[in-house]
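The block underneath contains the structure these notes are about, expressed in structure tokens.
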Amino acid sequence: DVVLTQSPATLSVTPGERISLSCRASESVDTYLHWYQQKPNESPRLLIKYASQSISGIPSRFSGSGSGTDFTLSINGVELEDLSIYYCQQGNSLPTFGAGTKLELK
Amino acid sequence: EVQLVESGGGLVQPGRSMKLSCAASGFTFSNYGMAWVRQAPTKGLEWVATISYDGSSTYYRDSVKGRFTISRDNAKSTLYLQMNSLRSEDTATYYCTRTYYSSSPFAYWGQGTLVTVSS
């Protein structure tokens with residue numbers, strides 16, 4: 001199985017700052033890497049697909065980059081509503097998820 | 001609007017069976033692959049099983065292979081997960097998701113149904 005390692009596990013943020021979350025794969029997944037946001041007591045929702053492709057209805061402050069084994073989710077100007085857990089998921093082989101990065105208020 | 005509504009969860013004893021259903025609407029169900037993803041209490045997301053648009057191909061994680069069966073009824077726009085020989089480690093919220101190819105993201109999620117395996 002492809003192991004996805006997300007870092008940091010928790011990130012303390014201040015509204016307005018630009019942040020980056022990392023997802024590293026144990027082997028190349030090309031660009032078959034997707035990002036999800038899960039707010040407390042809600043279902044996950046898709047944020048970014050295929051490493052960098054935007055999703056309709058998702059605010060433009062969210063962006064993704066990377067290929068192969070190293071990927072980044074960036075939030076340009078964090079808002080309070082972004083305090084959530086973020087998961088990466090690979091689809092190059094049987095799907096696996098990272099353990100998640102939790103955004104909390106500093 | 002895409003809607004996925006799960007049902008069938010609840011409390012079940014170890015070793016027993018349970019069948020989950022997911023009623024889909026707002027899209028042409030027979031055009032899409034579907035999958036189940038679960039989340040144990042306070043834990044992360046874990047893919048369980050995927051079925052192709054026509055039901056001809058199915059995929060499972062190793063820990064449920066031989067115990068769980070994913071199926072679909074395209075005439076009823078409904079996805080199923082038959083779970084046999086349930087274990088305490090199967091306790092989780094089970095989400096129905098819409099996908100496409102095996103490499104595709106899980107684009108839409110239901111609200112989830114909680115399965116608790118306990119004596």
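Values in this text are rule-based calculations from the coordinates and carry no lab data. Bear in mind that the values here come from a model prediction, so they are computed numbers and not experimental data. Here the Cβ is made from the backbone with ideal geometry for all residues, glycine too, and neighbour counts use every protein chain on show.
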| said: On a full-extension model of 0.36 nm per residue, what is the gain between A:ASP30 and A:TYR50, subtracting their alpha-carbon distance, rounded to one decimal in nm? | reply: 6.3 nm
| field | DSSP-assigned coil residues among chymotrypsin sites (Phe, Trp or Tyr not before Pro) in the stretch B:52-108, each with at most 16 further Cβ atoms within 10 Å | value | B:TYR100, B:TYR101
| remark: Note: probe point = Cα of B:GLN13 + 7 Å toward Cβ; backbone nitrogen < 17 Å; residues of the stretch B:96-119 passing the test are B:116-119
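Filter the GluC sites (Glu not before Pro) in the stretch B:1-90 to those in DSSP coil with at most 10 other Cβ atoms within 10 Å of their Cβ, and list the result. Please list the in-between numbers first.
On the way: sites: B:GLU1, B:GLU6, B:GLU46, B:GLU89; in loops: B:GLU1.
Answer by residue number: B:GLU1.
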| task | May I ask you to derive the relative contact order of chain B, considering only C-alpha pairs under 8 Å and at least 6 residues apart, and to give it as an integer percent? | result | 36 percent
| message | On the Cα set of chain B, report Rg and Dmax in Å, please. | response | 13.3, 40
| For the stretch A:33-106 and the stretch B:10-74, what is the separation of their Cα centres, given in Å? | 23 Å
| field | Percent breakdown of C-alpha pair distances by 10 Å bin, ordered from the shortest bin, for the protein assembly as shown | value | 8, 33, 35, 19, 4, 0
| request: In nm, give the distance between the simple-model label positions of B:ALA107 and B:ASP62, each being 7 Å from the Cα along the Cα-to-Cβ direction. | output: 3.2 nm
| message | Modelling each spin label as a point 7 Å along the Cα-to-Cβ direction, I'd like the A:GLU17/A:SER93 distance in nm, to one decimal. | response | 3.6 nm
| said: For A:LYS49, give me every one of the aspartates and glutamates with a C-alpha distance below 13 angstrom, ignoring sequence neighbours fewer than eight places off in its own chain. | reply: A:ASP30
